[in-house]
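Structure, as structure tokens:
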């Protein structure tokens, strides 16, 4: 087509103009301008509103957060630049921060194991279900779309030692009221709401595995476990690894369930970074220090993403 | 035709301009207030709008959803927005706002409206920063012992007047198979400060607390060690809810329901529960025939009534308001004894610390009226201590409630707890962040 068009153009020039080279140049110039408009300017024009919005609600506040992390800002009034003092205090002095960080790591270890095990197991079973499949999927996914205040309140009652689940097994202590059980009890409640989401993702990924691979495995005499290990898991590996990365990042952002169920108690046993930051910003009036703690969470997230990017470069399917 | 069209346009424009001028005028005299989007917020705010006497000023109350209105307001004020009349948790928080230049100096209005004669002197002093008035205290608060009167009468228990009698009563209650007292603190971590405030003032004594708050005595003093040690012992002994794990995790409603039903004998609660007990947990609404009453928590040094004093919140005027005079007029109405009495009777909001004369609370529940009467008598005798949420600086106060639970959980010794409090206090004392402490 291009060649035809070009030939026709040249013919027109030959008939209608004594300076075909000049016209050709103008036409090329027009096309260049058109291309710039169409492929460079117009897309940016469409992007400008969302970029402006992004800059206003994300980039600008984030930059402000970075700025305040180097100040002694109290959340109101003027901020005074104090260099790296907040970061020094956080890294070398603040035991609450260290304890909270350790709890986030425990939280992360819980969430990269228990919900993944639940979800892989659940999705493997549901993948074989044909009758009522949608009902089971919906029922298991439902907790994920409930607001956390609803789910957390339900679990507060379920954990009540006077009439809740513990009474069924004759346990009369409050799981949320003891230092050694509170964090894991909240994690379990959060897991109850979360694992259905993972399961649906894995189930969707499993739909993409060619059935012929399962047939081949059967021909080779593979049992259910071998099918799962050698066919299913490699087939959904990118999704599993991507979700692992996301869950690791989310583990540093946990706040709502803990805030609702224990507020960081009992005796600080569930105080994670999110709770510590909230207390520093709004109760101790140390907003600058809280900003520095927030930056540290972003750094952890950055490290996790970098680690996964490195693994990807090494050939991992992520 | 053309002339008619022109005339019509001119008239229309004139009308529009008049409307705009009217709107601007109305806007100019509007005073905005934010209130919580709950029954209490709706009640007092509509009462305020209905009873405000001046027709040249419009009071506009914006009901805000969410539970943390104070933080929302603080962020708005910092951004140059927010309501004309603002409030926060109390003097320590208002001190922060005033120091940041976000509150208007109220000295001129205090003179104009004679607030100095209307407020209890200590209450007006709470709102001063470097000698100038920036906020007005609201909701007179103290912590008392509610008791299930029906159960007490059935068991023949007497109201304790000393700490020893209280200990003996606790033993008797347990022997009867009941839990000594509620509530539980699973829903409100900072609320554990009530007990610390009571034990510091009722056990160590208000004079020592005053000295500590004014930097004349360290928090590590042995009197405070003894007070906190005794508090720790009763909490670990299960006085609250029967066990430490329930103290940490159960809910207010659960504890109050058990108290109303007579399974818990007493409730160590604030005066903010006066209205709620009758309304929700005793008698017909709760499906029981029980009665409640209250007594002041005993002390180690007097058998007279003794109360810690505090305020639930403080109100001020935003420095960004375009209508400071109108806002002051609204505050003046809000802090009139008549409006406070109405708000107390109709909405269950504790009255502000004003000087009440005559039968202002004649229509209130007699137990509630008795409280404010006896509180006034105790106050005039100097039998009052200090609530941490009104008199402690912000960071020291967070230490007070955040770390006491580690003491209860045996993670932190009483001595280290008080040493930490002293350390935080020294820093804030040096920075001038201590709220005004009424002289004794």
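Just to verify a result, which residue in region B:395-419, among those that are more than 11 Å from chain A (Cβ to nearest Cβ) and in a helix (DSSP H, G or I), is nearest to residue B:193 (Cα to Cα)?
Step one: list which residues in region B:395-419 are more than 11 Å from chain A (Cβ to nearest Cβ), which gives B:400, B:413-419.
Right, trim to in a helix (DSSP H, G or I) and you get B:400, B:414-419.
Values: B:400: 7, B:414: 15, B:415: 17, B:416: 17, B:417: 14, B:418: 14, B:419: 17 Å.
Per the criteria, the residue is B:400.
Scanning region B:167-193 for residues that are buried (at least 19 other Cβ atoms within 10 Å of the Cβ), away from chain A (no Cβ under 14 Å) and out of contact with any strand residue (DSSP E or B) (no Cβ under 7 Å at 6 or more places or on another chain) gives a single hit, B:169.
Any residue at all in region B:278-286 that's surrounded by 20 or more Cβ atoms within 10 Å (Cβ to Cβ), in contact with a strand residue (DSSP E or B) (Cβ under 9 Å, 6 or more places away or on another chain) and touching a residue at least 24 places away in the same chain (Cβ under 8 Å)? For region B:278-286, residues surrounded by 20 or more Cβ atoms within 10 Å (Cβ to Cβ), in contact with a strand residue (DSSP E or B) (Cβ under 9 Å, 6 or more places away or on another chain) and touching a residue at least 24 places away in the same chain (Cβ under 8 Å): present. Residue A:180 meets the conditions (1) modelled with pLDDT under 90; (2) within 14 Å of chain B (Cβ to nearest Cβ) in every case but one. The failed one is (1). Of the numbered criteria (1) within 14 Å of chain A (Cβ to nearest Cβ); (2) modelled with pLDDT of 95 or more; (3) over 21 Å from the mean Cα position of the chain (by Cα), the one residue B:243 fails is (2). Checked against (1) within 14 Å of chain B (Cβ to nearest Cβ); (2) farther than 27 Å from residue B:407 by Cα; (3) in a helix (DSSP H, G or I), residue A:140 passes all but condition (1). For residue B:128, state whether it is in contact with a helix residue (DSSP H, G or I) (Cβ under 8 Å, 6 or more places away or on another chain) and more than 13 Å from every other protein chain (Cβ to nearest Cβ). So residue B:128 fails the test. Name the single residue that is farthest from the other protein chains (Cβ to nearest Cβ) among those in region B:203-240 being outside any helix (DSSP H, G or I) and over 27 Å from residue A:265 (Cα atoms). This residue is B:205.
Residues are listed down the side, and each one gets a yes or a no for (1) in a helix (DSSP H, G or I); (2) touching a strand residue (DSSP E or B) at 6+ places or on another chain (Cβ under 8 Å); (3) more than 8 Å from every other protein chain (Cβ to nearest Cβ):
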{"position": "A:155", "(1), (2), (3)": "yes, no, yes"}
{"position": "A:162", "(1), (2), (3)": "no, no, no"}
{"position": "A:166", "(1), (2), (3)": "yes, no, yes"}
{"position": "A:170", "(1), (2), (3)": "no, no, yes"}
{"position": "A:187", "(1), (2), (3)": "yes, no, yes"}
{"position": "A:192", "(1), (2), (3)": "yes, no, yes"}
{"position": "A:196", "(1), (2), (3)": "yes, no, yes"}
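Condition check for residue B:42 on (1) touching a helix residue (DSSP H, G or I) at 6+ places or on another chain (Cβ under 7 Å); (2) at pLDDT 80 or above: one failure, at (1).
Quick one: which helices (runs of 4 or more DSSP H) sit completely within region A:238-318 and have at least 1 residues that are farther than 28 Å from residue A:151 by Cα and modelled with pLDDT of 95 or more?
Values: elements: A:256-261, A:273-278, A:287-313.
Of the helices (runs of 4 or more DSSP H) lying wholly inside region A:238-318, those with at least 1 residues that are farther than 28 Å from residue A:151 by Cα and modelled with pLDDT of 95 or more span A:287-313.
Based on what the data block shows, is residue A:81 at pLDDT 90 or above, outside the structural domain of residue A:246 (by TED's automatic domain parsing) and farther than 23 Å from residue A:192 by Cα? Yes, satisfied.
Region B:250-351 holds helices (runs of 4 or more DSSP H) entirely within its bounds, and those carrying 2 or more residues that are farther than 30 Å from residue B:82 by Cβ and modelled with pLDDT under 95 map to B:252-261.
Would you mind stating whether residue B:350 is under 17 Å from residue B:116 (Cβ atoms), in contact with a helix residue (DSSP H, G or I) (Cβ under 7 Å, 6 or more places away or on another chain) and in contact (Cβ under 8 Å) with a residue 60 or more places away in the chain? Reasoning before the result, please.
Values: under 17 Å from residue B:116 (Cβ atoms): no; in contact with a helix residue (DSSP H, G or I) (Cβ under 7 Å, 6 or more places away or on another chain): yes; in contact (Cβ under 8 Å) with a residue 60 or more places away in the chain: yes.
Criteria not met by residue B:350.
The residue that is farthest from the other protein chains (Cβ to nearest Cβ), among those in region A:144-153 that are part of a helix (DSSP H, G or I) and touching a residue at least 12 places away in the same chain (Cβ under 8 Å), is A:144. When we screen A:135, A:202 for residues that are more than 14 Å from every other protein chain (Cβ to nearest Cβ) and closer than 26 Å to residue A:238 by Cα, the only hit is A:202. Inspect all residues belonging to region A:265-273 and state whether any of them is within 20 Å of the chain's Cα centre (by Cα), touching a residue at least 24 places away in the same chain (Cβ under 8 Å), crowded, with 19+ Cβ neighbours inside 10 Å and not assigned by TED's automatic domain parsing to the domain that holds residue A:59. Yes, region A:265-273 has at least one match. Checked across region A:126-134, the condition of being farther than 25 Å from residue A:206 by Cα, in the same structural domain as residue A:224 (by TED's automatic domain parsing) and in a helix (DSSP H, G or I) holds for no residue. Taken over region A:202-213, the criterion of being surrounded by fewer than 17 Cβ atoms within 10 Å (Cβ to Cβ) and outside any loop (DSSP other than H, G, I, E, B) is satisfied by A:204, A:207, A:211, A:212, A:213. Scanning region A:135-149 for residues that are over 16 Å from residue A:198 (Cα atoms) and exposed (fewer than 12 other Cβ atoms within 10 Å of the Cβ) yields a total of 2. Only one of the listed residues (B:116, B:79, B:66, B:127) is out of contact with any strand residue (DSSP E or B) (no Cβ under 6 Å at 6 or more places or on another chain) and at pLDDT 85 or above. That residue is B:116. Restricting the search to strands (runs of 3 or more DSSP E) fully inside region B:115-186 and requiring at least 3 residues that are within 19 Å of the chain's Cα centre (by Cα) gives B:136-141, B:143-148.
For residues in region A:21-66 being in contact with a helix residue (DSSP H, G or I) (Cβ under 7 Å, 6 or more places away or on another chain) and within 30 Å of residue A:82 (Cα to Cα), which is surrounded by the most Cβ atoms within 10 Å (Cβ to Cβ)? Among them, the one singled out is A:65.
With respect to residue A:124, is the statement that it is surrounded by fewer than 18 Cβ atoms within 10 Å (Cβ to Cβ) and more than 11 Å from every other protein chain (Cβ to nearest Cβ) true?
Values: surrounded by fewer than 18 Cβ atoms within 10 Å (Cβ to Cβ): no; more than 11 Å from every other protein chain (Cβ to nearest Cβ): yes.
So residue A:124 does not fit the description; no.
Residues of region B:44-86 that are under 17 Å from residue B:333 (Cβ atoms), within 19 Å of the chain's Cα centre (by Cα) and free of Cβ contacts under 8 Å to residues at least 60 places away in the same chain: B:45 alone.
Out of region A:214-232, which residues are under 24 Å from residue A:137 (Cβ atoms) and surrounded by 15 or more Cβ atoms within 10 Å (Cβ to Cβ)?
Our first condition is that a residue be under 24 Å from residue A:137 (Cβ atoms); within region A:214-232, this holds for A:214, A:224-225, A:227-229, A:231-232.
Result: A:214, A:227, A:228, A:231, A:232.
The values are calculated or read from the model by the stated rules, or taken from the named source; none is laboratory data. Predicted, not measured: the structure shown is a model, and the values here were computed from it. Heads up, the Cβs are rebuilt from the backbone with ideal geometry, glycines too, and the neighbour counts pull from every protein chain shown.
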